[in-house]
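Comments concern the structure below.
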Amino acid sequence: MTADETDDFRIETDAIHAGQEPDDETGALMTPIYANSTYEQDAPGDHRGYEYSRTGNPTRTDLEANLAALEGGEYGRAFASGMGGINTILNLLEAGDHVVAGDDVYGGTHRIFTQVYEDYDLEFDFVDTTDHDAVGDALRPETELVWVETPTNPLMQVNDIAALSGMAHAHDALCVVDNTFATPYLQRPLEHGADVVSHSLTKYLGGHSDVVGGALITDDEELDEEIGFYQNSVGATPSPFDCFLVLRGTKTLPVRMDRHCENARTLAAWLADHDAVSEVYYPGLADHPQHDLAAAQMDDFGGMLSFEFDGTLDQASTVVEETEVFTLAESLGGVESLIEQPAAMTHAAIPREERLAAGLTDGLIRVSVGVEHVADMEADLQTAFDVARS
């Protein structure tokens, strides 16, 4: 089914069917892996929709249509990594342009902004995007992009997509929302006015920690054509096998996300009542500063949370080293639970003084809550806490 043909279906149905039909020749139910680099042409320049797999591949076409349908968008583009997609958004800018971004963004996003594109005369301001006065003060006539994460990585702040999109558009700037943490099952930024949605397909959409990928989705045909030009020209495109793996992952996204959310809500409440924890960052908690916004903007609160262990930096490090159910590893969104220290791992590229100013302390612990039994997660963390405090 194409994205248009599934307009009347709910997301649980789109996840399985959108963008895909049984193979015409064999009836194969799953999209085949078209392991081709090139395609026969009927005459010079007269091809059957595909000419070279960097430009287009049937497996990738099905994935892109599936992702667009899930986000409620018209156009989707898949990339070899989330960073490939982010790089493509930056390709749309010119020297002298200005970007406003959150001060609590993924470390890789911060790195490409500051350590790559500042060398090409782009300017970046990192502000608290939950503070709309701060965003307004940062906007300039040269601002061409407002980059939003929500929930943010790793402090789980929730940003008002409609408000920030409106502020960007008032300055003739694009608003791009990284929807990796929420996924389209919980939040669809295009519905709230965003111009482009960005994903790391490596995370929940792939769902099994076995593929790396990225995506950009939009409703704007002209913008999609620009994105497609850079997708093809720069060449950060995924392999057919990677596209197949993500398509396999999106089919179970709704059922996985239901369990991720259920477990995270339970674990967050347990941590909030624990004497070894001084702070829990999870938008599903009633005392989270943007809880009401999250309840209005999202369909559930997600499977990611962070917390501050009430102890020394070394003790916090012991916690993440001593777990067994939780694996000490970067990334997130797989069926297995992961635990990490952002300061030393996913956000190590951000200068320490900037991290601390944004609230990313050395002892902050980030958790990707998997689909194991939550009682086993609690017992695992309790054992790690006991070792760290002994």
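Nothing in this text is a laboratory measurement; each read-out follows from the coordinates by a stated rule. Being a predicted model, the structure only gives us computed values, none of them experimental. In this analysis, Cβ positions are derived from the backbone assuming ideal geometry, glycine residues included, and neighbour counts consider all displayed protein chains.
Side notes on the structure shown:
- Rounded to the nearest whole Hz, the Karplus-based 3J(HN,Hα) values (6.51 cos²θ - 1.76 cosθ + 1.60, θ = phi - 60°) of region 228-233 follow the sequence x, 4, 6, 4, 6, 6, with x at glycine and proline.
- Per-selection metrics, region 1-139 (Cα): Rg and Dmax in Å: 20.0, 59
- Annotation: Cα Rg of region 225-272 relative to the compact-globule expectation 2.2 N^0.38 Å equals 1.86.
- Added length on full extension, which subtracts the Cα-Cα distance from 0.36 nm per residue, Thr38 to Arg54: 4.9 nm
- Take the Cα of Ala344, step 7 Å toward its Cβ, do the same at Ala329, and the gap between the two points is 1.9 nm.
- For Gly206, net neighbour charge (Lys/Arg +1, Asp/Glu -1) across residues whose Cβ lies under 11 Å away: +1
- Counted residue by residue at 0.36 nm each, then reduced by the alpha carbon distance between them, the extension gain from His47 to Phe229 reaches 63.6 nm.
- Tilt relative to the chain, helix 82-91 - C-alpha long axis, 0 to 90 degrees, to 10: 70
- Residue exposure sequence - Lys203, Lys251 - by fewest surrounding Cβ within 10 Å: Lys251, Lys203
- Direction-averaged projected area, Cα convex hull, region 329-390: 4.9 nm², rounded to one decimal.
- Dipole size of the chain about its Cα centre, with +1 on Lys/Arg Cβ and -1 on Asp/Glu Cβ: approximately 900 debye, rounded to the nearest 20.
- Build a GNM of the chain with springs between Cα atoms under 10 Å apart, and of Ala43, Ala294, Ala268 the one that fluctuates most is Ala43.
- Dipole of region 236-390 computed with +1 at Lys/Arg Cβ and -1 at Asp/Glu Cβ about the Cα centre; of Ala348, Pro254, Gly334, farthest Cα towards the positive end is Pro254.
- Once both labels are positioned 7 Å from their Cα atoms along Cα-to-Cβ, the gap between Asp121 and Asp376 label points is 5.7 nm.
- Only Lys, Arg (+1) and Asp, Glu (-1) charged, at Cβ; region 253-389 dipole about Cα centre in debye: 340
- Treating r as the C-beta distance of Asp23 and Glu94 and R0 as 51 Å, the FRET efficiency rounds to 0.70.
- For region 329-390, a simple Cβ point-charge model (Lys and Arg +1, Asp and Glu -1, everything else neutral) yields a dipole of about 260 debye relative to the Cα centre.
- Projecting the Cα atoms of Tyr34, Phe385, Gly206 onto the dipole axis of the chain, where Lys and Arg carry +1 and Asp and Glu carry -1 at the beta carbon, places Phe385 farthest toward the positive end.
- Compared with the dominant Cα axis of the chain, that is its longest principal axis, helix 58-71 is turned about 50°.
- Region 176-315 shape via C-alpha gyration tensor axes, a/c threshold 1.5: prolate
- Rounded to 10°, Cα long-axis angle of helix 240-251 versus longest principal axis of the chain: 60
- Taking only the C-alpha atoms of region 4-251, the Rg (one decimal) and the largest Cα-Cα distance, Dmax (whole number), read 18.2, 59 Å.
- Rounded Å value of the spacing that divides the Cα centres of region 108-136 and region 186-263: 23
- Cα-based Rg and Dmax for region 138-231, where Dmax is the largest Cα-Cα distance (Å): 13.7, 43
- Mean projected area (nm²) of the alpha-carbon convex hull when region 253-389 is viewed from all directions: 8.0
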